[in-house]
Amino acid sequence: MWTTTIARCTLPTMLKRSSVLACHTLRTGGRPGWAAAISSSPSLHLTWRQLRGHGTQAPSPLPSNALGDSPGVRQVRALEQERLLEVEWEGSGQSLYPYTWLRDNCQCPLCTLQSAQARSLLLSQLDIHTGVDRVQVTDNNKVSIVWPDQHTSEFDPEWLRKRCFSPAARQALQEELFLNERTYWDSELRIPTANFEEVLHDDKAALAWLLALRRVGIVYLKGAPVEQGQVARLSQRIGYLRLTFYGHTWQVQDKSQANNVAYTSGKLSLHTDYPALHYPPGVQFLHCLSQAGEGGESEAVDGFHMADQLRREDPEAFRTLTSLRVDFTDTGSDYCDFMVQSKNHIIDVDSDGRVVRINYNNATRDSVLDLPLHQVQAFYSSLKAYVQLMMRPENMLTYKMEPGDLVTFDNWRLLHGRKSFQSHPDRMRHLEGAYLDWDEVMSRLRILFKSVHGES
Ligand SMILES: C[N+](C)(C)CCCC(=O)O
Ligand SMILES: O=C(O)CCC(=O)C(=O)O
Ligand SMILES: [Fe+2]
Ligand SMILES: [Zn+2]
């Protein structure tokens, strides 16, 4: 039984600016806490193992799982009573597979459309009470099953091993697919930095960029041409960008009759972008084309880290912000006219209580507050507690973008802001921005990993 615990760990020197940075990270089993070595050198060549953290996997009853060197099958046995196939691995260990699942996932050309790597077997054709006629290990070490209707399935040992139903194997595969392990940080973070052109042209650099974006939540790219169109170029490296009412890409400038507080020279307090949508953009790019002489510095905090801190320091506030849905609103005209309304938790948690998304922009929080009278004051105190935690100097990162800098960050996790600035009509501060979603970014990450490391 592997339980998830909060552990304290010390990060290697590369991630911190000075002395020892205490970080909090999720750890499994009774193993020592991992420490991901995240290099912030200009080329940011990080290895998969470095960013995954070696100690993140739960102890596996199998010698190696989902990470290569798959042993062969020694023996298979049909457990008739339980309707399970038992696979005994060479070396040590065994795995159990339900008959129903095996029949459902037959890889033969009748059951699978090979060109789409998709199931063509219909659920109506699946007998969920099927038995087996006979099972054996073939000469080329495949697991062969003959079903009662004499249909035959053959399974590759490596394919089966990866899909082992043990809790440890499931956890290892889920981490490999979704990379949900995060490295929390505070004001001491040295933002992982890479070269813009290198990320565009080199697969290893692009992989390191996306691994760090997932794990740390923010990566700085330097050396982008100082002209519009670079965030679009970078989004093409992934696939495509996320269109919103503010356009395919958008220009952050001090505008008259601004349709958003971002388009002024005023201070922006820590926020996530677009909580007025029920599915806010997962990733944000901001490219600096021109900076203000005075002001305009950027601020950022790790919203997941802050939420975990709030859970410990003020559990009642945490409960309030994860359970009350807050109305957000955004009305105006840009790409086209819009009247957007949403209801979001300030802190979204999944069914296991893990923080998965922060939704908060004070500018678009609606005056409509759909709460019973007696909950209103408690809502404000909870929100204040979270925001005051974020504003502590030890939690907040500050940096000033220069022309050619392009920051990429996790908009579901980070809250970002900017200091007010002096507007000069001859030298306007100008950032170009774009959004992407995590599904597309993770898709590119998996493809890059496969092409760089040659694993499936
Ligand atoms: C205007 N834009 C696209 C730069 C930011 C919108 C963020 C928000 O209003 O939540
Ligand atoms: O101007 C900046 O530095 C940040 C702008 C911003 O946060 C936004 O446009 O939403
Ligand atoms: Fe923003
Ligand atoms: Zn089949």
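The values are calculated or read from the model by the stated rules, or taken from the named source; none is laboratory data. Nothing here was measured: the structure is a model prediction, and the numbers come from that model. Backbone-built Cβ (ideal geometry, glycine too); neighbour counts: all protein chains shown. SASA here: full protein model, heavy atoms, side chains in, ligands and nucleic acids out. Shrake-Rupley method; radii C 1.70, N 1.55, O 1.52, S 1.80 Å.
List of remarks:
- Test for A168: is it surrounded by fewer than 19 Cβ atoms within 10 Å (Cβ to Cβ), of a type in the set (G, A, S), under 30 Å from R354 (Cβ atoms) and touching a residue at least 24 places away in the same chain (Cβ under 8 Å): yes
- For the range 271-295, the set of residues classified as touching a Leu at 6+ places or on another chain (Cβ under 7 Å) and more than 13 Å from ligand 3 (Cβ to nearest atom) consists of G282, H287, C288, L289, listed by residue number.
- When L406, L389 are checked against the criterion of being in contact with a Phe, Trp or Tyr (Cβ under 9 Å, 6 or more places away or on another chain), of a type in the set (A, V, I, L, M), over 19 Å from E175 (Cα atoms) and at pLDDT 95 or above, L406 stands alone in meeting it.
- Exactly one residue out of G223, G217 is in contact with a Phe, Trp or Tyr (Cβ under 7 Å, 6 or more places away or on another chain) and open to solvent by 20 Å² or more (accessible area, probe 1.4 Å): that is G223.
- Residue satisfying all of: in the range 380-408; aliphatic (A, V, I, L, M) and part of a loop (DSSP other than H, G, I, E, B); surrounded by the most Cβ atoms within 10 Å (Cβ to Cβ) among these: M401
- Scanning the range 97-121 for residues that are of a type in the set (G, A, S) and in a loop (DSSP other than H, G, I, E, B) gives a single hit, S120.
- Of all the numbered requirements in (1) within 33 Å of the chain's Cα centre (by Cα); (2) surrounded by fewer than 16 Cβ atoms within 10 Å (Cβ to Cβ), R134 misses one, and that requirement is (1).
- Residue count for the range 351-368 under the criterion of being in a loop (DSSP other than H, G, I, E, B), open to solvent by less than 50 Å² (accessible area, probe 1.4 Å) and not β-branched (V, I, T): the result is 5.
- When R413, R427 are screened for being within 16 Å of ligand 3 (Cβ to nearest atom) and in contact (Cβ under 8 Å) with a residue 60 or more places away in the chain, only R413 passes.
- Considering the range 414-456, and only residues there that are among the charged types (D, E, K, R) and in a loop (DSSP other than H, G, I, E, B), the residue that is nearest to A232 (Cα to Cα) turns out to be D437.
- Selection from the range 370-379 of residues that are assigned to a loop (DSSP other than H, G, I, E, B) and either touching a Ser or Thr at 6+ places or on another chain (Cβ under 8 Å) or open to solvent by 50 Å² or more (accessible area, probe 1.4 Å) (or both): D370, P372
- Among the candidates L310, L286, L270, the residue that is closer than 22 Å to S351 by Cβ and either assigned by TED's automatic domain parsing to the domain that holds N344 or not in a helix (DSSP H, G or I) (or both) is uniquely L310.
- First in the range 181-193 and closer than 11 Å to A300 by Cβ, second anywhere and at pLDDT below 95 and charged (D, E, K, R), Cβ under 9 Å, 6 or more apart: W185/K16; S187/R17; L189/K16; L189/R17
- Qualifying residue in the range 258-267 (condition: in a loop (DSSP other than H, G, I, E, B), open to solvent by 30 Å² or more (accessible area, probe 1.4 Å), more than 15 Å from ligand 2 (Cβ to nearest atom) and not hydroxyl-bearing (S, T, Y)): no
- Test: residue in the range 212-231 that is within 14 Å of ligand 2 (Cβ to nearest atom), outside any strand (DSSP E or B) and assigned by TED's automatic domain parsing to the domain that holds T364: yes
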